[in-house]
Amino acid sequence: MGIMIIDGKQIAQQFKEELRQQVTELSAQYGRKPCLDVIIVGENPASMSYVRSKIKATEYCGFDGELIQLPETTSQEELLRVIQERNNNDAVDGLLVQLPLPKHIDSQRVIETISPEKDVDGFHPTNVARLWLNQPTIVPCTPLGIMALLEQVGTPLEGRRAVVVGRSNIVGKPIAKLLLDKNCTVTIAHSRTADLAAVCREADILVVAVGRPHFITADMVKPGATVIDVGINRLPDGTLAGDVDYQSVAPIAGAITPVPGGVGPMTIAMLMRNTVNCFMHRNQ
Ligand code: NDP
């Protein structure tokens, strides 16, 4: 059985190219471009690098937008005021606040202040509820990106066993819901799961979002499984590693995403797609 390496970078590029085309048409039709504003508080190096990639993608896709850089010492009140101002600005279609935020700021309060119609990350409780109720909504970008990858490579989902390792609000829980919607039988595993290796070995589709480098080893993977590695971990030598021990797992997997170049670029492409969707929704 040949291994398939899922080229997220290239698939993301195709999505962005299509969006760029669409944006040309939309701006001719509506007389303005989609606009995404990104707020960052402080100078966390990982966050700064994610934000730079997001801004680069908005430029590539031909959006308008602004990067709002606020100092680490910004008060919660001041941040909420900046968000309100963008909520009320008709020219803004999408708004995101890069996480994590400094400790003196309540992230949940911030997420709930973003207008649900402009919440391109899909983190607002209204959008989360709508996802779980099968209502039209904005779906978080990383889970959307994973589903787009699975679709692109043609992984059969219906009736198959999916195991999601990690239960965060931004990855684990929403990806489990999307796989459920495609009629997978879904297990969500976490730090208290007993015999994690045995649970993972049941998976036809294994999605890993744990945040520990090389955590999933070959003995935890069913031969031929599709392995989606969400993890982005910076090693002491400065290189990036996924949550999956790629060297040992790739030879037995049916298909696998590399890190970098797998889920990461897809997350950004889906952020662009969510912004275009917000733009169209607001123009209806
Ligand atoms: P969180 O830290 O919010 O969640 C981690 C999850 O992993 C928790 O549910 C935790 O379980 C579980 N976990 C931790 N240790 C173990 C263990 N020993 N065994 C089993 N489960 C364990 O992380 P995120 O979901 O936000 O992110 C996960 C990773 O994905 C990170 O590396 C992050 O950088 C990356 N990421 C990548 C993105 C991309 O675009 N590619 C986007 C978002 C994140 P418990 O709940 O029991 O504590």
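Residue by residue through segment 178-195, note down the ones that are buried (at least 16 other Cβ atoms within 10 Å of the Cβ), within 22 Å of the chain's Cα centre (by Cα) and assigned to a loop (DSSP other than H, G, I, E, B). Correct list: K182, C184.
Under the condition of being in a strand (DSSP E or B) and at negative phi, the residues counted in segment 45-72 number 6. Of the residues making up segment 260-269, not a single one is away from the ligand (no atom under 11 Å from the Cβ) and modelled with pLDDT of 95 or more. If you go through segment 213-225 and keep only what is within 19 Å of G8 (Cβ to Cβ) and within 10 Å of the ligand (Cβ to nearest atom), you end up with P213, I216. Reported count of residues in segment 128-151, each being surrounded by fewer than 22 Cβ atoms within 10 Å (Cβ to Cβ) and more than 22 Å from I232 (Cα to Cα), is 10. Here is a check on your reading of the model: is L179 without any contact (Cβ under 8 Å) to a residue 24 or more places away in the chain and farther than 19 Å from V244 by Cα? No. Between A198, A203, A162, the distinction of being under 20 Å from I6 (Cα atoms), of a type in the set (A, V, I, L, M, F, W, C) and either touching a helix residue (DSSP H, G or I) at 6+ places or on another chain (Cβ under 8 Å) or not in a loop (DSSP other than H, G, I, E, B) (or both) belongs to A162 only.
Selection of first residues in segment 22-37 that are farther than 23 Å from V51 by Cβ and of second residues that are at pLDDT below 95, restricted to Cβ pairs under 8 Å at least 6 apart or on distinct chains, gives the following pairs, ordered by first then second residue: Y30/N283.
Listed here are the residues, each with its yes/no results for (1) in contact with a Gly (Cβ under 8 Å, 6 or more places away or on another chain); (2) of a type in the set (V, I, T); (3) outside any helix (DSSP H, G or I).
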{"residue": "D237", "(1), (2), (3)": "no, no, yes"}
{"residue": "S248", "(1), (2), (3)": "no, no, no"}
{"residue": "A253", "(1), (2), (3)": "yes, no, yes"}
{"residue": "P258", "(1), (2), (3)": "yes, no, yes"}
{"residue": "G261", "(1), (2), (3)": "yes, no, yes"}
{"residue": "G264", "(1), (2), (3)": "yes, no, no"}
{"residue": "T267", "(1), (2), (3)": "yes, yes, no"}
{"residue": "M272", "(1), (2), (3)": "no, no, no"}
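Among the numbered conditions (1) touching a helix residue (DSSP H, G or I) at 6+ places or on another chain (Cβ under 9 Å); (2) over 22 Å from Q152 (Cα atoms), the only one that F15 does not meet is (2).
A single member of R167, R192, R130 is without any contact (Cβ under 8 Å) to a residue 12 or more places away in the chain and within 11 Å of the ligand (Cβ to nearest atom), and it is R192.
Selection within segment 226-249: residues that are of a type in the set (G, A, S) and within 23 Å of the chain's Cα centre (by Cα). The member of this set that is nearest to the ligand (Cβ to nearest atom) is G231. In this entry, D90 is excluded by the filter for residues that are in contact with a Gly (Cβ under 9 Å, 6 or more places away or on another chain) and either surrounded by 19 or more Cβ atoms within 10 Å (Cβ to Cβ) or farther than 30 Å from L240 by Cα (or both). Checking V221, V208 one by one, the residue that is touching a strand residue (DSSP E or B) at 6+ places or on another chain (Cβ under 8 Å), under 26 Å from F123 (Cβ atoms) and not acidic (D, E) is V208 and no other.
Yes/no per residue for (1) over 14 Å from G264 (Cα atoms); (2) of a type in the set (S, T, Y); (3) touching a His at 6+ places or on another chain (Cβ under 7 Å):
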{"residue": "A194", "(1), (2), (3)": "yes, no, no"}
{"residue": "A203", "(1), (2), (3)": "yes, no, no"}
{"residue": "I228", "(1), (2), (3)": "no, no, no"}
{"residue": "D245", "(1), (2), (3)": "yes, no, yes"}
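The values are calculated or read from the model by the stated rules, or taken from the named source; none is laboratory data. Computed from a predicted model, the values in this text were never measured in an experiment. Glycine gets a Cβ as well: all are built from the backbone with ideal geometry, and neighbour counts include every protein chain shown.
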